[in-house]
Amino acid sequence: MAINRNESFRIQAFQLMDAALVWLAFWCAWQTRDWVLVWLHMPPENATIQDTINWVLYIAAPFTPLFLEHFGFYEHLRTKTPGNAVTQLIKALAMVALMIGMYAIFAKLMDTRRLVLGIGFLMVFFLILLRDRLTFTWMKRRTLVDAAKERVVIAGSGGEMDILLKELDPEITEGWLIVEHFDLELRTVEDLFDLLKKQSVSRVIFAAKETGFDKVARAVEACELQGVEAWISASFIRTQIARPVFDAVGDKPMLVLRSTPELSWELLCKGVLDRVGAALAILLFSPFWIFAIIGIRLTSPGAPVLFSQMRAGRYGRPFRMWKFRTMVPNAEELLEKIKREHGNQMEGPVFKLDNDPRVFPFGAMLRKLSIDELPQLVNVLIGDMSLVGPRPLPLYEVEAFAEFSHRRRLSVKPGITCEWQAGGRNKISSFEAWVEMDLRYIDNWSLWLDLNILMRTIPAVLFGKGAK
């Protein structure tokens, strides 16, 4: 059976987790051995873990996940029964125990504490089984909640879309929320573009066996401009931006045209860095939260401390972004008047103005020091934003994009800081140049680039180059 990249990545993650659980189980077994010996009315032992079972860990930790994979423990995660899980786990642990026994005899390591081995294997069994059942429950619940499913469009001609879906494994498709069956013969590319924008679609799967090459090519371009993945069960298509790779949905080979960073361990580390970094930053900068709250209460009484606004997240999905309020309470109502009287220093759909009269004095200081951005750490913590990424724009500014290609900046999570904020914000007055920086970030993304931007953001804030 073909395994797609996402599935392979998930299996590797589970294998690492299970290897860590093996280490934890044997460590716990060693820590509880004296208690068990007392309970059994046996004399305590003075040996150390290094003297007895350290070598066991070097066998059990790597080989347990490998034998689990051999016996199919990581397959059919959404449908596997507890009985199958227990059977596969027992078989894998029996093979590991056999390897340990053979090595102990061959290397004459007969002094290994059998009590610790017994407790360790029991703990391994229960910890991995618990992890598996929790994973099963989590994945099953995600298939029952539409908001947690991946939003997918099936595109093709006539009945070939239904044929493709029938050929796919239901275990795969139950994780999708199929927004629409889009007939490429009857509808226009503009219709597809609007559909992707309104429905926050993350993937379009083309059943293009009978569809004209030119229609598929134009539809792929619509996906490419918005940064939406195009999965094609057809012949190769040339693109200017998207990187073509082969993948699989079940047993169906697919050509994927991806113009965003591909799923990888590096991308997983970015997610961990976001959550951990946001949590630590909230704790570290908590005095500034108190400072901002008290200052806003005293200098702009009778209005909320926090300002929230609906912004465009990944794929344009709306989310509520939070900031400390730095403007007068009716700032949004005054926007059109400010535009007429003072103009706009940024060319394009976004509005930027130095010395905006709607900003009260204490709010201007918060902006100068970027303290007003701190509540967005909560957005990062809950997964709406990242520490580094294109800045999220209000929905009305996104709707005013003049170029379709500008929407590709929505193909990654928005961030608290970006290239524009870390270096060139004071020099850029064109939205086109701003978008160019964001797209260059997307096309050249790496974890090191994120860390580099974070490091450059710190002096930008400390030396008074914060938001205006």
Of those in the range 262-288 that are within 10 Å of the chain's Cα centre (by Cα) and of a type outside the set (D, E, K, R), the residue least open to solvent (accessible area, probe 1.4 Å) is Gly271
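Restricting to the range 173-190, name every residue that is assigned to a helix (DSSP H, G or I) and surrounded by 15 or more Cβ atoms within 10 Å (Cβ to Cβ).
Thr173, Val189
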Give just the number: which of (1) modelled with pLDDT of 90 or more; (2) surrounded by fewer than 15 Cβ atoms within 10 Å (Cβ to Cβ) does Arg114 not satisfy?
(1)
Those residues of the range 402-414 which are buried (at least 20 other Cβ atoms within 10 Å of the Cβ) and in a loop (DSSP other than H, G, I, E, B), in sequence order
Val412, Lys413, Pro414
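Out of Met123, Met139, Met161, which single residue is closer than 30 Å to Ala222 by Cβ, in contact (Cβ under 8 Å) with a residue 24 or more places away in the chain and surrounded by 14 or more Cβ atoms within 10 Å (Cβ to Cβ)?
Working: Met123 fails: closer than 30 Å to Ala222 by Cβ; Met139 fails: closer than 30 Å to Ala222 by Cβ.
Criteria check complete, one pass: Met161.
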Only residues that are within 30 Å of Cys223 (Cβ to Cβ), at pLDDT 95 or above and aliphatic (A, V, I, L, M): list them for the range 361-386, please.
Val380, Met385
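Of the residues Ile128, Ile100, which single one is out of contact with any Cys (no Cβ under 9 Å at 6 or more places or on another chain) and at pLDDT 90 or above? Walk me through it before giving the result.
Numbers: Ile100 fails: at pLDDT 90 or above.
Going through Ile128, Ile100 in turn, just one is out of contact with any Cys (no Cβ under 9 Å at 6 or more places or on another chain) and at pLDDT 90 or above: Ile128.
Of the residues Ala312, Ala303, Ala234, only one is farther than 26 Å from Leu77 by Cβ, among the small types (Gly, Ala, Ser) and at pLDDT below 80; which?
Working: Ala312 fails: at pLDDT below 80; Ala303 fails: at pLDDT below 80.
Going through Ala312, Ala303, Ala234 in turn, the sole match is Ala234.
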Quick one: which residue in Leu447, Leu454 is open to solvent by 30 Å² or more (accessible area, probe 1.4 Å), in contact with a strand residue (DSSP E or B) (Cβ under 8 Å, 6 or more places away or on another chain), over 16 Å from Gly316 (Cα atoms) and at pLDDT 85 or above?
Leu454
Any idea which residue in the range 191-238 is surrounded by the most Cβ atoms within 10 Å (Cβ to Cβ), counting only those that are assigned to a loop (DSSP other than H, G, I, E, B) and among the aliphatic types (A, V, I, L, M)?
Val228
Do we have Glu419 as within 30 Å of Val305 (Cα to Cα) and either at pLDDT 90 or above or crowded, with 20+ Cβ neighbours inside 10 Å (or both) here?
yes
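The values are calculated or read from the model by the stated rules, or taken from the named source; none is laboratory data. Remember, predicted model here, so these are calculated numbers, not experimental data. Positions of Cβ are generated from backbone atoms using ideal geometry, with glycine treated the same way; all protein chains shown enter the neighbour counts. Each accessible area value is taken on the protein alone, full model and side chains, heavy atoms only, with ligands, DNA and RNA left out. Shrake-Rupley method; radii C 1.70, N 1.55, O 1.52, S 1.80 Å.
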